[in-house]
Amino acid sequence: MDFKTIIKEQIEDIKNIEKTENIIKREAINKAESFLRYPNALAVTGVRRCGKSIFSYLIAKNKNFGYINFDDERLLGMKADSLNKILQSFYELYGDIEYVILDEVQNIVGWELFVNRLRRTKKVIITGSNSKLLAGELSTHLTGRHIDIILFPFSFSEFLTINQFRQQDTYTTREKAQILNLLEKYLRTGGFPEANKFGRTILARIYNDILTKDILLRYKIKKITNIKELSKYIISNFCREISYSGLAKLLNVKRISTISNWLSYLEDSFLTFKLERFSFKMKQQIIAPKKIYCIDNGIVNAVAFKFSEDMGYFMENAVAVELQMRKILSSLLEIYYWKNHQQYEVDFLIKYGNKVKELIQVTYAFDENDIKERETTSLLKASAELKCSNLKIITWDYEAEKRYHSKMVKFIPLWKWFLKK
């Protein structure tokens, strides 16, 4: 196998993308660079096509580095014992190197021992589209330090940058209108880098690639129709509560454990994630229904075709994704939803350590008249039960602070909340 030709062609492709596309510095890149001050292994995981390759390249581009992407049909069937030949090819092409980037490395069985040896003298960046596979192998085989970082599709702040909108402290009426137009576009098309250029068609292809390559083939699923139906149902009913038993009945699957496994595959591929219903009693938390969210609004819009009628849900899903991004920055942050026996519900409960720090509702509201009484009532009930006074309602374009009985509720437009990290 001619590794040197493959390596040269792959890096030329990336450099061509850098020259011809609007490449931005991702928000997570400074954190990632700080992890590689010394020889170490950095695992960059995240959903397929979210920009992991370019992200890794930007970390190393001004250094001496070697790059190879194993998601290449020419490398199909490659064994771990050939990895040293790739390292040799790097040396022959570039001389001594400081960084090694192994893109989609989970395609090579046994890669972890090679990386464990390599990271003692090199700064190694590995990427993958499966959270459990990479994390599990790293923990098992890589002794010493290694760091994981999850890359998401573009945040709204990054989306503004890619659309050449300059962020500042204050905005004119015209600039605010531009932000709201871009926000609607973001909620409709999502944050996948290619979606901004190619639109909805590419999103359908990304979704099918995730389902086929990262789930059906990786886990050797036999009931292909069933898991496809499950995936489409989950994404079409995003932001809603689901129960494993209900899904098993709906799909005519005998074992609830099968449904649980399939949902974990969707999560491991970063296509979806779930929130638990908050309870001080762990047993109640485990048996309660879950709420499922999709990693990107564009995927939902490509699969479910419900954007115009579900604007509030698209706002909620985008907030859920943003909270997941912020969760990476703090190991103490936990995110739940809250619901009581009277069916009053709060979209997001933010917990730091052992304290509930914030309660958040999301609603498609332009002004005070659009705020439903049930939304504020739910916040107040949760506030009383959880002893939390930091109450927030994220709106479309309504901003205020209002007192309800003894509690103050802050209303903040979604775009402001996105940009106020």
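The values are calculated or read from the model by the stated rules, or taken from the named source; none is laboratory data. What you see is a predicted model; the values in this text were computed from it and never measured. Backbone-built Cβ (ideal geometry, glycine too); neighbour counts: all protein chains shown.
Which of the residues that make up the range 182-215 are aromatic (Phe, Trp, Tyr), more than 13 Å from Trp415 (Cα to Cα) and modelled with pLDDT of 95 or more?
Once the filter is applied, which keeps residues that are aromatic (Phe, Trp, Tyr), more than 13 Å from Trp415 (Cα to Cα) and modelled with pLDDT of 95 or more, the range 182-215 yields Phe192, Tyr207.
Which residues, taken from the range 1-53, are more than 23 Å from Ser155 (Cβ to Cβ), assigned to a helix (DSSP H, G or I) and without any contact (Cβ under 8 Å) to a residue 24 or more places away in the chain?
Thr5, Glu9, Glu12, Asp13, Lys15, Asn16, Lys19, Thr20
Go through the residues of the range 208-222 one by one and say whether even a single one is surrounded by fewer than 18 Cβ atoms within 10 Å (Cβ to Cβ) and touching a Leu at 6+ places or on another chain (Cβ under 9 Å).
Yes, the conditions are met somewhere in the range 208-222.
Would it be correct to say that Ile54 is closer than 24 Å to Phe90 by Cα, surrounded by 15 or more Cβ atoms within 10 Å (Cβ to Cβ) and out of contact with any Cys (no Cβ under 6 Å at 6 or more places or on another chain)?
So Ile54 fits the description; yes.
Just to be sure, is Ile179 under 24 Å from the mean Cα position of the chain (by Cα), assigned to a helix (DSSP H, G or I) and either modelled with pLDDT of 95 or more or exposed (fewer than 12 other Cβ atoms within 10 Å of the Cβ) (or both)?
Yes; evaluated as a whole, the condition is true for this residue.
Of everything in the range 299-331 that's touching a residue at least 40 places away in the same chain (Cβ under 8 Å) and more than 21 Å from Leu414 (Cα to Cα), which residue is surrounded by the most Cβ atoms within 10 Å (Cβ to Cβ)?
Filtering the range 299-331 for residues that are touching a residue at least 40 places away in the same chain (Cβ under 8 Å) and more than 21 Å from Leu414 (Cα to Cα), the one surrounded by the most Cβ atoms within 10 Å (Cβ to Cβ) comes out as Ala302.
Scan the range 382-401 for residues that are exposed (fewer than 14 other Cβ atoms within 10 Å of the Cβ), in contact with a helix residue (DSSP H, G or I) (Cβ under 9 Å, 6 or more places away or on another chain) and in a strand (DSSP E or B) and report the count.
Looking only at that region, the number is 1.
Could you look through the range 28-60, keep only residues that are polar (S, T, N, Q) and at pLDDT 95 or above, and pick out the one that is farthest from Leu203 (Cα to Cα)?
Ser56
Any idea which of Glu334, Glu375 is in a helix (DSSP H, G or I), among the acidic types (Asp, Glu) and crowded, with 17+ Cβ neighbours inside 10 Å?
Sole residue among the options that is in a helix (DSSP H, G or I), among the acidic types (Asp, Glu) and crowded, with 17+ Cβ neighbours inside 10 Å: Glu375.
Could you give every pair whose Cβ atoms fall below 8 Å, whose first residue belongs to the range 270-298 and is under 30 Å from Ile202 (Cα atoms) and without any contact (Cβ under 8 Å) to a residue 40 or more places away in the chain, and whose second residue is surrounded by 14 or more Cβ atoms within 10 Å (Cβ to Cβ) and acidic (Asp, Glu), counting only separations of at least 6 or pairs across chains?
Lys274/Glu267
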